[in-house]
Amino acid sequence: MFSSYTKWRLLLCLALRFHAACACVSARSKSLVMGEQTGLPSRPSSPSLQDRVLKSGWLKKQRSIMKNWQQRWFVLRGDQLFYYKDEEETKPQGFIPLQGNQVSELTPQPEEPGKHLFEIAPGGAGDREKMPVNHEAFLLMANSQNEMEDWVKAIRRVIWAPFGGGIFGQRLEDTVQYERKYGLRLAPLLVEQCVDFIRERGLTEEGLFRMPGQANLVKDLQDSFDCGEKPLFDSNTDVHTVASLLKLYLRELPEPVIPFAKYEDFLFGRVVSLMDLLGGAGCLTKG
């Protein structure tokens, strides 16, 4: 007899293994944000078309001298944030190098409510590798709180990706590829850590994966993992918080654990051979 949790864990491992196998078959080139860093790049006249667009949208940028705001179209490519006069422009007016910098949300001043501000400034990930930094800070403003949070997460993901962070919203194959340096595994370290903790402390917990955890602690843990840290769970950690963290990670994957293009194969055919490899074919048929 196997519990429903054991079945769920086996299914998750199967899906993660299947996703990684699909990535290997496709043989896609490694994302540039996961590549080796060799210092600040020279200023390009235009972004490389080989770099996929990670995010784009309108933001307001504060000018360094006049301190007034200019609305510009921003495009996040590779490890640089380019800005244009409008969406139709092909040559950027400038760019903000991200490696060697850090991004942070700013609390609006009481006299200026409703401003959703964030700053890209020297420090953070680059300090670890003693990389040269751009000493200029950039103040940006989004149109809403949600939009600002999305930009901060996307930029933070780029900054910390070479150091093992930025995993929330990162492609599963990129995370697994980076973490191979820690040994061969079927799932990201975060997933293994959450699953092991839940198996040890949460199997008898009522409402597991249904009751929410502590929202502020979930966010703190997310930020820690996104900054390349590996926070540990202890006896004081709430199991619902860990379950919520795992759900958040899976929910923010760019593509489901079972890729769209391979869903039917997984469901109707190849899942059988994968279960045989893991020795779990019988687990899913027993009560």
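The values are calculated or read from the model by the stated rules, or taken from the named source; none is laboratory data. Here the structure is a predicted model, which is why all the values come from computation and not from measurement. Note: ideal-geometry Cβ built from the backbone for every residue, glycine included; neighbour counts use all protein chains shown.
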ask   = Is it the case that residue 287 is farther than 30 Å from residue 54 by Cβ, assigned to a loop (DSSP other than H, G, I, E, B) and at pLDDT below 85?
value = yes
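Conditions tested, residue by residue: (1) outside the structural domain of residue 150 (by TED's automatic domain parsing); (2) under 17 Å from residue 252 (Cβ atoms); (3) out of contact with any Ser or Thr (no Cβ under 9 Å at 6 or more places or on another chain); (4) not aliphatic (A, V, I, L, M).
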{"site": "192", "(1), (2), (3), (4)": "yes, no, yes, yes"}
{"site": "198", "(1), (2), (3), (4)": "yes, no, yes, no"}
{"site": "204", "(1), (2), (3), (4)": "yes, no, yes, yes"}
{"site": "208", "(1), (2), (3), (4)": "yes, no, yes, no"}
{"site": "211", "(1), (2), (3), (4)": "yes, no, no, no"}
{"site": "220", "(1), (2), (3), (4)": "yes, yes, yes, yes"}
{"site": "226", "(1), (2), (3), (4)": "yes, yes, yes, yes"}
{"site": "229", "(1), (2), (3), (4)": "yes, no, yes, yes"}
key: Yes/no for residue 215 being outside the structural domain of residue 123 (by TED's automatic domain parsing), modelled with pLDDT of 85 or more and under 17 Å from residue 195 (Cβ atoms)   = no
ask   = Considering only helices (runs of 4 or more DSSP H) fully contained in the stretch 166-226, which possess at least 2 residues that are surrounded by 15 or more Cβ atoms within 10 Å (Cβ to Cβ) and among the β-branched types (Val, Ile, Thr)?
value = 172-179, 189-201
ask   = strands (runs of 3 or more DSSP E) wholly in the stretch 28-121 with at least 2 residues that are modelled with pLDDT under 90 - which ones?
value = 53-62, 101-106
ask   = Out of all the residues in the stretch 227-270, which are aromatic (Phe, Trp, Tyr) and assigned to a loop (DSSP other than H, G, I, E, B)?
value = 233
